[in-house]
Amino acid sequence: MVSFLIAYATWSGNTQEVAELVEETLLTQGMDVKAHRIGLDPLPDPRRFDAMIIGSFTWDQGATPDEVKDFVADVGYKPDNVYVFGTGDTQFGGDELFCHAAVKLAKFYDSRYEPLKIEQSPRGTQEKTVIDWSKGVLQHWKHSHALRY
Ligand SMILES: Cc1cc2nc3c(=O)[nH]c(=O)nc-3n(C[C@H](O)[C@H](O)[C@H](O)COP(=O)(O)O)c2cc1C
């Protein structure tokens, strides 16, 4: 069983909805999952998990929220296996700034899997995108570890 930490930040609930859908999908696949709400829950130790999934909304013209920056600093090192998702809104600066925090986090963590970008709430047509991405994360993890060992 692969264990995943899902750390996410949310203000109005969209990113939390994505986090819950990712969690549900991984649980359905028989994985071990711990959800962590950034800024609220006690700091987890990513070393205790096989992979970390981090989710953030984007703020203020492509900015990463302060609580996410604090979380990254508090964790204090770059875990190896990081997957990133984000929610955003194309009305705030078009494609260039859409989910920019997620794009920046993926770069920072050298994520080897394309970050997931969701427009506002994932409920409805984007639900399948989240489920497919979550299954893809698991496949990616299994594939990269099968190659290594
Ligand atoms: C003041 C403000 C600025 C925002 N700036 C951006 C932005 O630059 N890029 C983007 O993709 N979304 C932007 N958004 C949209 C939010 O990221 C989006 O609504 C997100 O889903 C909120 O996440 P939450 O519901 O988890 O808090 C902005 C929203 C607000 C209110």
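What follows draws every value from the coordinates through simple rules; no lab data is involved. Note that the coordinates shown come from a computational prediction; the quantities given were computed from them, not determined experimentally. Neighbour counts are summed over all protein chains in view; Cβ atoms, including those assigned to glycine, are modelled from backbone coordinates with ideal geometry.
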Footprinting exposure proxy for MET1, MET31 (fewest neighbouring C-beta atoms within 10 Å first): MET1, MET31
Structure-based [θ]222 nm, the chain - -39500 (n - 2.57) summed over DSSP H runs of at least 4, per residue, nearest 500: -12500 deg cm²/dmol
Exposure proxy order (Cβ contacts within 10 Å, fewest to most) of LEU27, LEU105: LEU27, LEU105
√(5λ) per eigenvalue of the Cα gyration tensor, segment 7-65, largest first, Å: 21, 14, 10
Order of LYS107, LYS135 - criterion: other Cβ atoms within 10 Å of each residue's Cβ, fewest first: LYS107, LYS135
Gyration tensor over alpha-carbon atoms, segment 3-148, equivalent ellipsoid semi-axes in Å: 22, 18, 15
Stretchable slack from ALA63 to HIS143, in nm (0.36 nm times residue separation minus alpha-carbon distance): 25.5 nm
Among GLU24, GLU119, GLU96: highest mean-square fluctuation, GNM of the chain, C-alpha pairs under 10 Å: GLU96
